[in-house]
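Worksheet: the structure to be examined is printed underneath.
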Amino acid sequence: MVAPKPITIRKERFYPHPPENVWAAITDPRALAEWLEPNDHQPRVGHKFEFRCDPGLCGSGITECEVLEADPPHRLVWSWVNVPKDPSRPRSAPMTISWTLTAKDNGTLLILEHTGAENIGWLTRNMMRIGWGFMMKSLIQRVLTHVEAGEFRPGAVPLKQRYYTCKTIPDRYVR
């Protein structure tokens, strides 16, 4: 059997904000809940966490992750496994989400590299490619309007305006 060709989703975006603020936008669990999904993230190596939302077209709404690298405010790496909707189906191999922050021109260049995307189906992969682009272009920018001196203040993206629903999610994930 021939191994599938590796697929990496890569996105980059410049933000006119210091790296410490962009770091807060991608590590504070309340900020992540506003632009990505409800979670129990902590930016420390070895921390296992989940993103949770109601089940949808492509899955159970659960993504299991682990922090593989955390070098504030320069680099953050997660393992990423989508939990299938049907528990009898096998899980895909883990993917890796890498965030690299580089100070540039009085702001921050944020680079996302999502490797291992060959391990998921075509529809899910393309939804993620589009989703990462939208989140980096619009939602992270909104969240950054609520970060000052590396501290996130909730309310940038109100719950009713988020792309996901969380009617079935435990309260500890919903912020």
Across (1) surrounded by fewer than 17 Cβ atoms within 10 Å (Cβ to Cβ); (2) out of contact with any helix residue (DSSP H, G or I) (no Cβ under 7 Å at 6 or more places or on another chain), Glu151 clears everything bar (2)
Being within 28 Å of Gln141 (Cβ to Cβ), in contact with a helix residue (DSSP H, G or I) (Cβ under 9 Å, 6 or more places away or on another chain), free of Cβ contacts under 8 Å to residues at least 60 places away in the same chain and not acidic (Asp, Glu) narrows Ala70, Ala93, Ala103, Ala117 down to just Ala70
So, first residue at pLDDT below 95 in the range 137-163, second residue of a type in the set (A, V, I, L, M, F, W, C) and part of a loop (DSSP other than H, G, I, E, B), Cβ within less than 8 Å, six or more apart or across chains; the pairs are Leu159/Cys166; Leu159/Val174
Sole miss for Asp105 among (1) surrounded by 15 or more Cβ atoms within 10 Å (Cβ to Cβ); (2) on the phi > 0 side of the Ramachandran plot is condition (1)
The one condition Trp132 fails out of (1) in contact (Cβ under 8 Å) with a residue 24 or more places away in the chain; (2) closer than 18 Å to Ser60 by Cα; (3) among the aromatic types (Phe, Trp, Tyr) is (2)
Scanning the range 20-43 for residues that are over 12 Å from the mean Cα position of the chain (by Cα) and polar (S, T, N, Q), the one nearest to His74 (Cα to Cα) turns out to be Asn21
Taking the range 52-69 and keeping residues at pLDDT 95 or above and surrounded by 15 or more Cβ atoms within 10 Å (Cβ to Cβ) leaves Glu64, Cys65, Glu66, Val67, Leu68
By residue number, the members of the range 122-175 that are over 24 Å from Trp23 (Cβ atoms) and in a loop (DSSP other than H, G, I, E, B) are Thr165, Cys166, Lys167, Thr168, Ile169, Pro170, Asp171
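The values are calculated or read from the model by the stated rules, or taken from the named source; none is laboratory data. The shown structure was predicted, so the numbers you read here are calculated from the model rather than taken from an experiment. So basically every Cβ, Gly included, is an ideal-geometry build from the backbone, and we count neighbours across all protein chains shown.
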